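Taking it in order: structure first as structure tokens, then the write-up.
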Amino acid sequence: MTAASHKILIVGLGEVAQTHLRALEQTPGADVVAGVDTAAKPAMIFHEHPVPIYHTPEDAAGRHDPDVVVVATPTPTHAAVCGQIAACFPAVRVLVEKPAADNLPDALHLLRDIAGRQPVDVAYHMAFSPEVSWGIQTVQAYAGELGVPVTVEACFADPYENDFEAASQRLGNSWIDSGINALSVLARFVRPVARESLRRIGQAAHSVFEAHLTCQAGDGDLAALILTSWHVTDPAKTTRIRYSSGSELVMDHTAVAGYLVHDGRMAAVFGSDRSVPRRERHYLALYQWWLTEGKPVMPAETGVRLHELLLRPAG
């Protein structure tokens, strides 16, 4: 193992924390020194060695001095947990799972107040996925031929309807959980500026939402349509960007694949094998950017704007 340069504490040891652990095991210089969870958890293993688990951040602070804290608790708890982290570890860099909160006041408190005192980033893992990075490179390579983006359609769905109550407690609803993914991907290609509408479609347990946004690209505006849902058989996440030339860039975030249709032909194609699971690939790229290269995930003002678009009350 490479000599550690980052001592990491993970708060919240549910399913998503396991993805963080697997990605961090493959991140040079990362050393997970402890975990925190209010519920009893089995042994936590990092690089085949047990890692101590504490009940509260205060308990961990008495024994560890991390320089990075990853917050992977349920979405409704993010602001409160980050407040505890700020009190116990006022100098650490914080990476909080997306979105920053399930309501706008909590999100702004985290992204402005707490982040005004110490570095806080949101884990927009989808925005750093391999297919998105490929898409950005491909658009740059064809910049002289594609023209400007004219429409965007994004569909993000997960099969959570059968576990609606538990999913709601952890994630809020499909718009809160997946809308931030769609918005963060959009922000890599265009500038989302206004949410024109947000409506729920069908039964509450289906958690289907439709959002219309106005974005900017170059000197013009364009429309973006986002659909999120928990009423599906299998996960499905796709972003399509159409350009003024008639070309279309498609990124399949579930398959970790993409293609560019240009002049009626497949001009570029991207794919991946199954050697690394999809979500793990996303987090590996995120940690490469944020931890290894030391770059902010997104500019602070962009993070605030995305959460305003996500969490502003409908009406």
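Values for this structure:
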quantity: Peptides 270-277, 210-217 ordered by average Cβ neighbours within 10 Å, highest first; calculated: 210-217, 270-277
quantity: Carbon plus sulfur fraction of accessible area for the chain, probe 1.4 Å, in percent; calculated: 52
quantity: Mean Cβ count within 10 Å, highest first, over the residues of peptides 142-148, 125-131; calculated: 125-131, 142-148
quantity: Mean Cβ neighbour count within 10 Å, used as a protection proxy, ranking 149-161, 189-201, 14-26 highest first; calculated: 149-161, 14-26, 189-201
quantity: Qualifying aspartates and glutamates (Cα of each under 15 Å from Cα of LYS237; at least 8 residues distant if same chain); calculated: GLU131, GLU153, ASP158, ASP177, GLU210, ASP252
quantity: Average accessible area per residue (Å²) across the chain - probe 1.4 Å, nucleic acids and ligands excluded; calculated: 44
quantity: Dipole magnitude (debye, nearest 20) for the stretch 22-73, charges at Cβ of Lys, Arg, Asp, Glu; calculated: 160
quantity: Reachable aspartates and glutamates from LYS295, criterion Cα separation under 13 angstrom, eight or more residues apart if same chain; calculated: ASP121
quantity: Unit charges on C-beta of K, R, D, E only; dipole of the stretch 219-313, Debye; calculated: 240
quantity: At R0 = 35 Å, FRET efficiency that the Cβ-Cβ distance of THR233 and ASP59 yields, to 0.05; calculated: 0.25
quantity: Sequence-distant residues sharing a close amide H with THR254 (under 5 Å, placed H); calculated: LYS237
quantity: Karplus-derived HN-Hα couplings along the stretch 66-74 (A = 6.51, B = -1.76, C = 1.60, θ = phi - 60°), whole Hz, x at Gly and Pro; calculated: x, 10, 9, 10, 9, 9, 10, 7, x
quantity: D (Stokes-Einstein, µm²/s), Kirkwood Cα radius, the stretch 176-225, 1.002 mPa s at 20 °C; calculated: 182
quantity: Global form of the stretch 1-69, assessed from the alpha-carbon gyration tensor, a/c cut-off 1.5; calculated: oblate
quantity: Tensor-based shape of the stretch 189-315 (alpha-carbon gyration tensor, a/c under 1.5 rounded, otherwise prolate or oblate); calculated: rounded
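The values are calculated or read from the model by the stated rules, or taken from the named source; none is laboratory data. None of these values were measured; they are calculated from a predicted model. Note: ideal-geometry Cβ built from the backbone for every residue, glycine included; neighbour counts use all protein chains shown. Just so you know, the surface numbers come from the protein's heavy atoms only, side chains and all, with ligands and any DNA or RNA stripped out. Shrake-Rupley method; radii C 1.70, N 1.55, O 1.52, S 1.80 Å.
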